[in-house]
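Asker: My structure is below; once you've seen it, I'll send some questions.
The values are calculated or read from the model by the stated rules, or taken from the named source; none is laboratory data. Bear in mind that the values here come from a model prediction, so they are computed numbers and not experimental data. Cβ atoms come from the backbone with ideal geometry, glycine included; neighbour counts cover every protein chain shown. What goes into the accessible areas is simple: the full protein's heavy atoms, side chains included, and nothing from ligands, DNA or RNA. Shrake-Rupley method; radii C 1.70, N 1.55, O 1.52, S 1.80 Å.
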Amino acid sequence: MGSSARALRGGLRVAVLALLWGSTFLWIELALRGLSPLQVTFARCFLGALVLTVACRATGRRMPRGAAVWRRILVAAFFCNALPFALFSLGQQTVDSGLAGVLNATTPLWSVVLGLALGSERGLRPARLAGLLLGFAGTVVILAPWRSAGAVGWGALAILGAAASYAVAFTYMGRTLAGRGTPTISLSAAQLVAASGLTAVVMPFGGLEAIDPGPAVLTAAVVLGVLCTAVTFHLTYRIINDEGATNAAVVGYLLPVVSVLLGAVLLDEHLSLRVVLGMAVVLVGVGMTRRTGATAGKPATEGVTGDVTADAPAALRHPEDTR
């Protein structure tokens, strides 16, 4: 295959992945019209786990074995799937899908803060510090706490909590589950199985409400679980393996743009100039923290944390298995 054909295929992959991930918040918004937040979370985890488990079996892979591995998977599933998925669904009861996508873009900023707290982020360069401060300044502009009609509220805080939870998960996964010989398809399938179990445990506390299973709601739930949770896992791996982390990282910058545009066009969500400016500031800040933090010679998956995995399990950042 020629270089131009490979470039075209790579560009199409990035475009499809950005559309799938960026549309996640749209499908959550639609699913919430007939399901409770916990029901949306469980449907997403269960359908994603089902698809990846079937794919795991079809490719001859086995689920991880050993109590120690499953304990680590359980922790990762809580911080990377069950908790943030639930927080996104809870938050989007009062926050538009476009704004949810923008707030989700703060994940890399939380990753830097976590690194500073744990001591793994030493000698923070001025450019990275400026990017961190700029990113949070953009978040403040978006939330507008000085305005009575600002976005500050429990919904926006829940979504920020989900973004921070991803940062915790990415750090944990990188330290305990990365590069330990488990095929990625097995690891990601197991993680969603564990997340399904965690969500099922709390279903009696808000997930047993009557549902309105209309065609639009069911379609949204299926698309959210199958396409926006399961399919994106494998597609992300292929991009990282074939085109490298740089091309994969482009998706992270496209997610909020896609979510805002879809919300404005399909859901008639209001898009103010303040939110657009705040989004631009956040993305510039994120770019400064990621770009200057890359170190030559590190594996391709390093430096991707928080960029390409803005709404996906961290297990997908370790491409030791491309199938």
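Asker: When T199 is evaluated against the numbered criteria (1) at pLDDT 85 or above; (2) open to solvent by 30 Å² or more (accessible area, probe 1.4 Å), which criterion, by number, is the only one it fails?
Answerer: (2)
Asker: A follow-up question, please. Just to be sure I understand, how many residues within segment 202-215 are open to solvent by less than 70 Å² (accessible area, probe 1.4 Å) and either in a helix (DSSP H, G or I) or under 18 Å from G48 (Cβ atoms) (or both)?
Answerer: Selection size over segment 202-215: 3.
Asker: Within segment 105-112, can one find any residue that is modelled with pLDDT of 85 or more and within 30 Å of S188 (Cα to Cα)?
Answerer: So far as segment 105-112 goes, yes, one or more of its residues are modelled with pLDDT of 85 or more and within 30 Å of S188 (Cα to Cα).
Asker: Identify all residues within segment 177-202 that are in contact with a helix residue (DSSP H, G or I) (Cβ under 6 Å, 6 or more places away or on another chain) and closer than 14 Å to Q39 by Cα; write none if there are none.
Answerer: A195, S196, L198, T199 - these are the residues of segment 177-202 that are in contact with a helix residue (DSSP H, G or I) (Cβ under 6 Å, 6 or more places away or on another chain) and closer than 14 Å to Q39 by Cα.
Asker: Give the residue that is most open to solvent (accessible area, probe 1.4 Å), with candidates limited to residues of segment 142-166 that are modelled with pLDDT under 85 and assigned to a helix (DSSP H, G or I).
Answerer: Applying the filter and picking the extreme gives L143.
Asker: So how many residues does segment 22-69 have that are more than 18 Å from S186 (Cα to Cα) and among the aliphatic types (A, V, I, L, M)?
Answerer: 9
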